[in-house]
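Structure, as structure tokens:
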Amino acid sequence: MPHLHIERFNPLPLPHRHGDVTFEYLAENVLHDDEKLIAVRMEEKAFFLLLKTLPGKTLLKADKLSRPSPTWYVKKALLAYAEAAGLNVLASNVDTADTGMHLDDNRALWSIHDFAERFPTDREVRIEVGFGSGRHLLHQAKTHPDILFIGIEIHKPSVEQVLKQINIRKLDNLLLLDYDARLFLELVPSNLVGRIYVHFPVPWDKKPHRRVISEAFVNESIRVLAPGGKLELRTDSDNYFAYSFDTFMRLGRNHLEIRKNRDIAVSSKYEDRWKRQEKNIYDLILHNDTLSEPLAPLEAFTFAPAACDEAHLRALNGQTLRFEGGFVHFERLYRLGDGRMMFRLSLGPFERPEHLYLLLGDVPEYFPATPVRSRTNLEAHRRLKEALDG
């Protein structure tokens, strides 16, 4: 990720505007004075830059929890702060190139909240989880112009590369999302999706809880798939195939199709390499024959006006609240330059928590966005409110 090594940090009087970049406030870790966050707003993006003091130098980079896509926004914010504050840059991996004509238009790059507020339902939807280089996803979108494709990928360079290709090829039936696919499915309306592609997921043999395929994921897939829809797993891993087969069979959804070394219309460069190495490629395809109930609406994340006592917040710092199926963890407490406080939080289900910030002003608010509206996240939200109220 883009970053600057600087000789020392020069604070700006905030808020400060430099070109089209606004630096709004500084947040200081109350327990560790070697860490600070700089709030940035640029166009419709709001995120933090992380300032970390190291021996002999200081690191300025994107904050992992809030960093936006494309990374061009981070690069521009780093360079703008360095110029505005007159920083002495010792080392940098930030190029000064512009976005490029093919990243200027990012209408195909949606946020999770775009989908939560206005999920497209006017035509069949197909979803690819972890699209990587995008070869398969782009081929499918070009081949089936009347179907809406949604590509999900957490590797930001892959997202940007495919976004460029969408604009070069002028595809209007492909949307991209940088998010966890397991959480995304909870927002998809029932009986809408024709195909879910999971091609060559990371096997995670040493951390199986991180695998995309799980009983919860398969159950959500069945709910969102239309009758006749398919969940298609393609893998070169013997272990992942065996694990997925056992997972599918335990659910009692036994309309399965198994293929070995099947040729498809387009393959990734990794699949081409594995075939040259004579590795086996497995397809495990679940055929859905169920008409599911509509997705039940859930309440919104709301806070009432509250006065937060700093002593109480310090007592919460580092604490974990556990409940059946999930938790809330108060990771770090910050003091903002305008007198407010802020928590860095982890909350939600144990196997796939959300990481975000909570700004504690007159009315608390999540940053950079509210959690995904799921049942476990809403329960975590209720527990959080109770903890803040003392």
ask   = Is it the case that Tyr282 is touching a helix residue (DSSP H, G or I) at 6+ places or on another chain (Cβ under 7 Å), surrounded by 12 or more Cβ atoms within 10 Å (Cβ to Cβ) and not assigned by TED's automatic domain parsing to the domain that holds Leu333?
value = yes
task = List the strands (runs of 3 or more DSSP E) that sit entirely inside the range 304-390 and contain at least 1 residues that are crowded, with 17+ Cβ neighbours inside 10 Å.
result = 326-336, 341-349, 354-360, 365-367
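Specify which of the listed residues (Leu388, Leu356, Leu321) is within 16 Å of Phe48 (Cβ to Cβ), of a type in the set (A, V, I, L, M) and in contact (Cβ under 8 Å) with a residue 60 or more places away in the chain.
Numbers: Leu388 fails: within 16 Å of Phe48 (Cβ to Cβ); Leu321 fails: within 16 Å of Phe48 (Cβ to Cβ).
Residue meeting the stated conditions: Leu356.
Does any residue of the range 107-114 turn out to be buried (at least 16 other Cβ atoms within 10 Å of the Cβ), within 23 Å of Leu345 (Cβ to Cβ) and touching a residue at least 24 places away in the same chain (Cβ under 8 Å)?
yes
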request  = Mind listing whichever residues of the range 281-303 are in contact with a His (Cβ under 7 Å, 6 or more places away or on another chain), outside any strand (DSSP E or B) and farther than 21 Å from Arg352 by Cα?
outcome  = Asp289
message = I'd like the full set of residues that are farther than 27 Å from Pro11 by Cα and among the small types (Gly, Ala, Ser), limited to the range 312-344.
response = Ala315, Gly318, Gly325, Gly326
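Residues to consider are Arg344, Arg352, Arg375; find the one that is closer than 30 Å to Ser267 by Cβ, within 20 Å of the chain's Cα centre (by Cα) and not assigned by TED's automatic domain parsing to the domain that holds Pro189.
Arg352
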remark   = All-but-one check, Arg17 against (1) in contact with a strand residue (DSSP E or B) (Cβ under 7 Å, 6 or more places away or on another chain); (2) at pLDDT 95 or above; (3) among the basic types (Lys, Arg), failing number (1)
Those residues of the range 277-306 which are more than 30 Å from Phe245 (Cβ to Cβ), out of contact with any Ser or Thr (no Cβ under 9 Å at 6 or more places or on another chain) and in contact (Cβ under 8 Å) with a residue 24 or more places away in the chain, in sequence order = Glu299, Phe303, Ala304, Pro305, Ala306
query = Mind checking whether some residue in the range 158-176 is part of a strand (DSSP E or B), more than 18 Å from the chain's Cα centre (by Cα) and modelled with pLDDT under 95?
reply = no
ask   = If we scan the range 206-214, do we find a residue that is touching a residue at least 40 places away in the same chain (Cβ under 8 Å), on the phi < 0 side of the Ramachandran plot, crowded, with 22+ Cβ neighbours inside 10 Å and not aliphatic (A, V, I, L, M)?
value = no
request  = Would you point out the residue of the range 228-250, among those that are basic (Lys, Arg) and crowded, with 17+ Cβ neighbours inside 10 Å, that is farthest from Asp272 (Cα to Cα)?
outcome  = Lys230
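Looking only at the range 316-335, count how many residues are of a type in the set (A, V, I, L, M, F, W, C) and modelled with pLDDT under 95.
0
The values are calculated or read from the model by the stated rules, or taken from the named source; none is laboratory data. Model, not experiment: these values are computed from the prediction. Neighbour counts run over all protein chains shown; Cβ positions are idealised from the backbone, glycine included.
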